[in-house]
Amino acid sequence: MQTLQIGDLRARLPIIQGGMGVAVSLSGLASAVAEEGGIGIISSAVIGMLLPDFSKNFREANKKALRQEIRKARSLTDGIIGVNIMMALTDYEDHMIVAVEEGADLIISGAGLPLKMPEILLKDKKEKNKTKFLPIVSTAKAASLIFRYWSGHYGVIPDAVVVEGPAAGGHLGFKVQQLGDPAFSLKTVIPQVVEVVKPFEEQYGKTIPVIAAGGVYTGEDMYQMIQLGARGVQIATRLVPTYECDASDEFKEAYVHSEKEDLMIIDSPVGLPGRAIKNQFLEDVASGKKHPINCPWQCLKTCDYKTAPYCISQALVNAAKGKMKNGFVFAGSNAWRTTKIQSVKEVLDEIKQEYNEAVQKNNPLRIVESSPGRFPSKKMPVRNVV
């Protein structure tokens with residue numbers, strides 16, 4: 001299995017753990033993945049709601065909580081730690097500043113097109129390039145726009161790009177009618193984005209990894225994405241039902257007990273479709289029952305709390321804390337395949353094994369066992385293992 005190189009960062013496993021908010025991927029999950037050789041990601045989404053006094057100053061609470069989680073992750077591992085920061089957040093730039101100041105290895109940003117580069121990130125990229133930046137896109141057109149804009153306006157480009165397909169969990173960057181359209185599938189879009197970044201690789205003299213995300217669940221999925229030109233994958237759903245995941249046991253059990261038909265597309269209060277696991281809370285919302293909203297601060301730019309049927313941030317925090325009657329669980333399309341809660345190491349070991357099996361199935365002569373102390377001859381196939 002190849003390593004994943006992003007600038008001067010090298011991950012032993014070509015796996016980025018997806019950033020999941022609210023309070024699902026924090027320092028616990030991120031550090032565990034990083035310790036195993038992958039890239040761990042902390043989600044900054046309304047992270048301040050975890051603090052007891054967040055309502056007094058929501059903005060400051062977000063910054064304080066994010067600093068705490070980055071520092072805690074750093075204390076637990078020497079591996080690669082990044083932060084997922086949604087563009088839809090009202091205090092998006094605040095989160096960027098904290099991530100750069102705390103020396104996050106990379107920032108992944110979606111829920112919008114990150115054309116305008118925050119000043120602190122531009123300064124960092126031109127002086128040290130310590131914190132790498134990866135935009136999330138759903139189409140080759142979006143990737144082209146970002147790279148052309150950054151190159152033309154700033155003289156720099158993103159360090160890699162995450163391509164998220166319609167099988168992802170949480171908020172989706174697609175219209176509902178596009179979710180089942182093959183034209184928007186990862187298998188279609190990955191090669192297109194690979195072609196988009198090639199001219200920029202030549203112009204700037206560096207490799208720009210394309211990362212496949214959304215519905216990547218097994219090692220075989222990863223193998224297929226790499227064959228299409230991706231240099232790594234982002235995996236989220238499969239890492240939720242792990243002991244190290246920061247969400248509650250009740251949250252994880254929702255994955256374990258879900259069936260395929262329980263996965264549903266909802267209309268989020270923030271104006272985007274989202275994939276979640278059906279429960280009583282969502283059924284009540286669908287039937288027109290409104291839940292009272294106490295909005296301490298408009299955390300998402302696109303949320304109209306005066307007309308929203310419920311506060312999505314509070315609902316997600318409730319679920320992460322195990323209060324399922326007052327919340328719900330976002331999940332990818334493969335969540336129903338979960339059968340048990342296990343360790344991050346066990347999950348990643350399974351994915352590596354699945355990847356090797358896919359290599360052997362598709363290239364049977366590439367994996368052979370050499371006798372101890374014997375060098376393979378020129379005619380003997382080379383062994384390719386993790």
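All of the numbers you see were taken from the coordinates with simple rules; none came from a lab. In this text the structure is predicted, and so the values were computed from the model without any measurement. A quick note on method: Cβ atoms are made from the backbone with ideal geometry, for glycine too, and the neighbour counts reach across all protein chains shown.
Side notes on the structure shown:
- Placing unit charges on each Cβ (+1 for Lys and Arg, -1 for Asp and Glu) gives segment 250-335 a dipole about its Cα centre, and among 285, 303, 271 the Cα reaching farthest toward its positive end belongs to 303.
- Computed on the chain, the Cα convex hull volume stands at 149 Å³ per residue.
- Candidate lysines for bridging to residue 128, where Cα separation is under 18 Å - those fewer than 8 sequence places away on the same chain excluded: 206
- Zero-based 5 Å bins, Cα pair distances in segment 147-264, whole percents: 2, 10, 17, 18, 18, 15, 10, 5, 4, 2
- Ranked 313, 268, 43, criterion: other C-beta atoms within 10 Å, fewest first: 268, 313, 43
- In degrees, nearest ten, helix 58-76 long axis to first principal axis of the chain (Cα): 30
- Segment 1-71: relative contact order in percent, alpha carbon pairs under 8 Å with at least 6 residues between: 24
- Antiparallel content of DSSP bridges confined to the chain, in %, to 5: 35
- Dipole magnitude for segment 133-262: about 720 debye, using +1 per Lys or Arg Cβ and -1 per Asp or Glu Cβ, origin at the Cα centre.
- Cleavage-rule hits (GluC sites (Glu not before Pro)) in segment 252-304: DSSP loop, at most 15 neighbouring Cβ within 10 angstrom: 259
- Ordered by the number of other Cβ atoms lying within 10 Å of each residue's own Cβ, fewest first, 336, 150 fall into the sequence 336, 150.
- When +1 charges are put on Lys and Arg Cβ atoms and -1 charges on Asp and Glu Cβ atoms, the dipole computed for the chain relative to its Cα centre reaches about 580 debye.
- C-alpha long axis of helix 140-154 to longest principal axis of the chain, angle in °: 90
- When shorter helices are ignored and each DSSP H run of at least 4 residues is given -39500 (n - 2.57), the per-residue value for the chain at 222 nm works out to -10500 deg cm²/dmol.
- Least to most buried among 10, 238, 59, 74 (fewest other Cβ within 10 Å first): 10, 59, 74, 238
- Compactness of segment 123-174 as Cα Rg over 2.2 N^0.38 Å, two decimals: 1.30
- About its Cα centre, segment 250-335 has a charge dipole of approximately 280 debye under the convention of +1 per Lys or Arg Cβ and -1 per Asp or Glu Cβ, with nothing else charged.
- Convex hull of Cα atoms in segment 1-157, direction-averaged projection (nm²): 9.1
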